Amino acid sequence: MNVSRRDFLKISGAATAGLMMGSLFDLAPIKAYAVKNPPQWDQVKTSICCYCAVGCGLLVGTSSTDPDAVYVQGDPDHPINRGSLCSKGQAMGQLHTVDGAVNPRRLLTPMKRSAYGTAWVPISWSQALNEITWLIKNTRDTYTVTEELIDGDLTPVNRCEAIASFGGAAHDNEECYLLVKLLRALGLVYIEHQARI
């Protein structure tokens, strides 16, 4: 085997760093705690990570006695990540907890702030959906362009330029297909996706 001086220095440096790291961190107490206190779960469900546009598959374990996710790992059968997760995906079980307790700032209902108001007020889901529906209909009725002069002829266009959509990165192809069908049916022309930004 022909090893150059540069390769020898690289190998020596990597071996030295590996030996030093192994001696600096003693993982025996952590391993002992993990063996002594394994997570308890009754059922495992599949899910998708919500953090970025990759869409890694997750296995989430839940317990009948604990409403929180007690176990999260990468789904080895998922075609995207094949069981691996980044550090954010590995911490998915802590999404709504802070130091073991439910996050007091976690939103559980829709919130509304009135025009020129300073306080957010909790509202019901039905009220939120009704108001969103009314706003969409009112905006479409007010700002839809039905005809446009093209090459000297009035051509029907039926587009709404006052509403834009900015899709989420964790949507899969089927969700994006249905979302775009809905948005095109509403006449939207400003349709973008977070994964492209």
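Results, tabulated for the structure shown:
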read-out: Where a label projected 7 Å from the Cα of Arg106 along Cα→Cβ would reach, residues of segment 70-92 with amide N under 15 Å; value: 70-72, 91-92
read-out: Those trypsin sites (Lys or Arg not before Pro) in segment 134-197 that DSSP places in a loop and that have at most 14 other beta carbons within 10 Å; value: none
read-out: 15 Å beta-carbon shell around Glu147, net charge (K/R +1, D/E -1); value: -3
read-out: Neighbour net charge for Gly89 - beta-carbon separation under 15 angstrom, K R +1, D E -1; value: +1
read-out: Residue exposure sequence - Val157, Val60 - by fewest surrounding Cβ within 10 Å; value: Val157, Val60
read-out: Alpha-carbon spread of segment 39-93, three principal axes, descending order, Å; value: 33, 19, 14
read-out: Of all DSSP beta bridges in the chain, antiparallel share, percent nearest 5; value: 80
read-out: For Ile48, net neighbour charge (Lys/Arg +1, Asp/Glu -1) across residues whose Cβ lies under 14 Å away; value: -3
read-out: Ranking of Ile163, Ile30, Ile80 by count of other Cβ atoms within 10 Å, fewest first; value: Ile30, Ile80, Ile163
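Values quoted throughout were computed directly from the atomic coordinates according to the rules given, and no laboratory measurement underlies them. Source: prediction; values computed, not measured. Ideal geometry is used to build each Cβ from the backbone, glycine not excepted, and the neighbour counts take in all protein chains shown.
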